[in-house]
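The values are calculated or read from the model by the stated rules, or taken from the named source; none is laboratory data. From a predicted model like this one, the values you see are computed outputs, not experimental measurements. Cβ placement follows ideal geometry from the backbone for every residue including glycine, while neighbour counts extend to all protein chains displayed.
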Amino acid sequence: MPVVELLARTIEKIRDLDPELTLVDIIILLWIYASPYEAKKRYLTSIKRILRHVSMFQLPDGKPVLSDSEMTNLVITSLEKLKKLGYVKLFSIGPIYVRVHLTQKGVEFVKENLSDAALEFLEEYGHLK
C-alpha cells in the first residue's frame with residue numbers, strides 16, 4: 001500500500017473534511033505535496049503508478065482495474081476538480097506531465113490534517129510507491 005494511500009485514508013476519516021474530496025483527490029493532494037519536481041512539472045506516470053497500487057484500483061489478483069487511459073482521465077478529472085475547489089493551481093496538462101502546484105488552501109489542508117510526524121514521513125517517503 002503506498003504511503004500516500006495510508007495517509008489519505010487517515011485524512012479521509014476526519015469528520016470536518018471537505019465532503020467533495022474523494023480518496024483519489026486526497027491521494028493526489030498528498031502526491032503534489034510530497035513529490036519532488038522541476039519547474040512545477042510532475043509526471044503523470046508517477047501518480048498513475050501510485051494509484052495502481054491503491055487497493056480500490058486492483059482486482060483481487062493484484063491486476064489493475066483501470067486501463068492506462070482510464071487512469072489518466074481519473075487523474076486529470078481529479079486535478080480539474082481540485083483546481084475548481086481552490087486546492088491546486090493547474091498550469092497545463094500534457095500527455096506526459098502536468099504543471100501543477102498546491103495553493104495556500106491546499107498546503108493548509110495537508111498541514112492541518114496530518115500530524116508533524118506524518119508530515120515528516122510524507123516528505124521523506126511520500127514520493128515512493
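Within the option set L21, L82, L90, L29, being modelled with pLDDT of 90 or more, of a type outside the set (F, W, Y), closer than 27 Å to E120 by Cβ and not in a helix (DSSP H, G or I) holds for one residue only, L21.
Residues of region 75-116 that are of a type in the set (K, R) and within 25 Å of F57 (Cα to Cα): K81, K83, K84, R99.
Here is the figure for region 101-111: residues that are under 13 Å from I26 (Cβ atoms) and in a helix (DSSP H, G or I) total 3.
Please verify whether region 55-69 includes one or more residues that are surrounded by fewer than 19 Cβ atoms within 10 Å (Cβ to Cβ), among the hydroxyl-bearing types (S, T, Y) and in a helix (DSSP H, G or I). Scanning region 55-69 turns up at least one residue that is surrounded by fewer than 19 Cβ atoms within 10 Å (Cβ to Cβ), among the hydroxyl-bearing types (S, T, Y) and in a helix (DSSP H, G or I). Out of Y97, Y87, one residue alone is buried (at least 19 other Cβ atoms within 10 Å of the Cβ) and either of a type in the set (F, W, Y) or more than 13 Å from the chain's Cα centre (by Cα) (or both). It is Y87.
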